Amino acid sequence: MAENINEKPNGQLRVGDNSLELPRVPASCGEDGVHIGAMRTATGVVALDPGFNSTASCNSKITFIDGDKGILRYRGYPIEQLAERSSFLEVCYLLIHGELPTAKELKAFSERIHENRLLHEDFKSFFTAFPAHGHPMSVLQGGIVGMSTYYEYSTKNVLDPQQQEEQAILLLAKVPTMIAYTAKRAAGLPLLYPDASRSYTEDFLRMTFGLPYQSYDIDPEIVHALDMLFILHADHEQNCSTSTVRMVGSAQANMYASVASGVGALSGPLHGGANEAVLDMLNMMRDTGMTVKEFVNKVKNKEDGVKLMGFGHRVYKNYDPRAAIVRDTAHTVLKRLGASEVSEMLDMAMELEEVALKDEYFVKRRLYPNVDFYTGLIYTAMGFKTKMFTPLFALGRLPGWIAQYIEMLNDPATKIGRPRQVYDGEVLRDYIPVRERGKN
Ligand code: SDX
């Protein structure tokens, strides 16, 4: 528990002849904050913190991470317990509403989602007009922002809790359908309508891999493994994509526009795109015959900016607790699916991890496997193409984006996000007509 706040002093800031007391903002766990809102007025300078390594953007009650101890908790519940005992829809409810649902609440929540998984037929025509070879994250981003038009009724008042809930339900319901349709179109296969008799994750797999002329049966262990992977991705404090959702939402843009911006951020290879980049890295090593040692040396020499994708994290300076769970799940899934080729890739990934964790370059920089290091191997074994990996991350992260957007809008301290800058460009100069600017 936090010590008595009175025993913990406020911050003190001195800039030249100006000084300022920075009121302490107590945390229930993790680092306290100091409020620097008055800093510019009192001292005439602004704080500069590219990447926000030491800067909090908000108070939040949703997710807590301790990067040194490898701790991750959603609304106070340890990720290990939720991964083992909960379900993705239950975790969606927990993140959005703040409490685990009663059986009745979970049934009502799940039914509302199940009833809304169809896409409006005109929306389906629009959504399936994207090029079949287009990157699924670009298609998904376009589809989600398009929801603002087909489901405009739910965006009339972004501050209305009922409209927030409606937007949340429609996103949780329709995003899996959109992702399944994207995978099917890339494969040139027919689209399937949702089947209400199946669970959320099972029916997502059926719409992705099932065919209209044959029944679709899937190992419940595989369904459980994917549902658990969605739980592991569900939220992660103020990461790049979540901060993007909050920033766009702070202008009171609707949830679809804000979440679509988060999809854009997640698509970057330094963020959610890393799971795809890990498979590309392993495939390159296998196809070129490059040894683990040779690759690690390229990374250490920083050749062409090569990084060990799936390694490192801004917050975790210890093993990402999610990566440990995913690695164990990988063994289970690969055994169930008998995916021998993927097993070879898993062995290579584990050798890569073993070599890196012993190497001074990685040890000194506290670089460990993160959530993206092993997930792609499981997705590959399940039959997903590499380009579908980051949309799977986006589906998992959907409840986190939704919960953080709603928390931001309902926080009385929220103001439109508008950072300052330190300008270091040309101070002042007069316009020169083009005829006087020299011949070259
Ligand atoms: C996710 O924030 C979140 O919570 C994100 C996420 C979530 O759930 O939302 O956890 C999901 O995005 C996980 C991260 C996935 N990305 C990758 O796996 C891409 C590879 N990793 C890196 O690019 C990097 O580690 C970051 C982007 C994840 C973190 O970068 P930081 O914190 O800005 O650290 P840095 O780039 O300043 O690196 C510090 C040093 C540098 O070397 P030096 O300049 O000190 O010599 O470590 C090196 C970096 O070059 N380094 C790496 C490396 N990651 C950092 N060197 C080789 N391989 C890597 N992966």
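The values are calculated or read from the model by the stated rules, or taken from the named source; none is laboratory data. Small disclaimer: the values here were computed from a predicted structure and weren't measured. For neighbour counting, all protein chains shown are included, and Cβ atoms are generated from backbone atoms with ideal geometry for every residue, glycine included. Heavy atoms of the whole protein, side chains included, go into the accessibility calculation; ligands, DNA and RNA do not. Shrake-Rupley method; radii C 1.70, N 1.55, O 1.52, S 1.80 Å.
Could you give the accessible area per residue of region 155-211, probe 1.4 Å, as a whole number in Å²?
35 Å²
Using alpha carbons only, how many degrees (0 to 90, rounded to 10) separate the axis of helix 372-382 from the longest principal axis of the chain?
Its long axis makes an angle of about 20 degrees.
What does the extension gain come out to for V306 and N283, with contour length at 0.36 nm per residue minus their alpha carbon separation?
6.8 nm
Which order do the peptides 105-116, 163-174 come out in when sorted by mean C-beta neighbours inside 10 angstrom, highest first?
163-174, 105-116
If the only charges are +1 at each Lys and Arg Cβ and -1 at each Asp and Glu Cβ, what is the size of the charge dipole of the chain around the Cα centre, to the nearest 20 debye?
Magnitude of the dipole: close to 980 debye.
Taking a 1.4 Å probe, which of E237, E21 shows the most accessible area, and what order do the others take after it?
E21, E237
Using only Cα atoms, tell me the angle between helix 136-150 and the longest principal axis of the chain; keep it within 0 to 90° and round to the nearest 10.
80 degrees
Ignoring ligands, DNA and RNA, please state the percent of accessible area on region 295-420 from carbon and sulfur, probe 1.4 Å.
50 percent
For region 179-199 and region 59-78, write down the distance between their C-alpha centroids in whole Å.
With region 179-199 and region 59-78 each reduced to a Cα centre, they are spaced 34 Å.
For region 1-138, give the magnitude of the charge dipole about the Cα centre (Cβ charges: +1 Lys/Arg, -1 Asp/Glu; no others), in debye to the nearest 20.
About 180 debye.
Counting only protein heavy atoms and a 1.4 Å probe, tell me what percentage of region 163-257's accessible area is made up of carbon and sulfur.
Its accessible area is 55 percent carbon and sulfur atoms.
Compute the accessible area per residue over region 308-405, keeping the other protein chains in place, probe 1.4 Å, unit Å².
36 Å²
Given the rule -39500 (n - 2.57) for each run of at least 4 DSSP H residues, summed and divided by the residues of the chain, what is its mean residue ellipticity at 222 nm, to the nearest 500 deg cm²/dmol?
-16000 deg cm²/dmol
Once both labels are modelled 7 Å past Cα along the beta-carbon direction, what's the A196-A324 spacing in nm?
4.3 nm
To the nearest 20 debye, what charge dipole does region 97-138 have about its Cα centre, counting +1 at the Cβ of each Lys and Arg and -1 at the Cβ of each Asp and Glu?
80 debye
Name the lysines eligible as straight-distance cross-link partners of K107: C-alpha to C-alpha under 29 Å, and not fewer than 8 places from it in the same chain.
Hits, sequence-local ones excluded: K61, K124, K156, K174.
Label-point separation (nm) for K293 and T414, each offset 7 Å from Cα along Cα-to-Cβ?
Between K293 and T414, the simple spin-label model gives 5.5 nm.
Each label point is 7 Å from the Cα along the Cα-to-Cβ direction; what then is the distance between the points at A38 and E354, in nm?
5.9 nm
Quick one: length gained pulling D347 to E80 fully straight, 0.36 nm per residue minus the C-alpha distance?
Extra length available between D347 and E80 comes to 93.7 nm.
Could you tell me which residue out of L205, L232, Y256 lies farthest along the dipole of the chain toward its positive end? Charges go on the beta carbon: Lys and Arg +1, Asp and Glu -1, centred on the Cα centre.
Of the options given, the answer is Y256.
If the chain between H331 and R435 were fully stretched, how many nm would it gain, using 0.36 nm times the residue separation less the Cα-Cα distance?
Extra length available between H331 and R435 comes to 30.4 nm.
What is the packing order of peptides 346-357, 200-211, 27-38, taking the mean over residues of other C-beta atoms within 10 Å and listing the highest first?
Ranking the peptides 346-357, 200-211, 27-38 by packing returns 200-211, 346-357, 27-38.
Helix 200-209 against the longest principal axis of the chain: what's the angle in degrees, Cα atoms only, rounded to the nearest 10?
Approximately 70 degrees, to the nearest ten.
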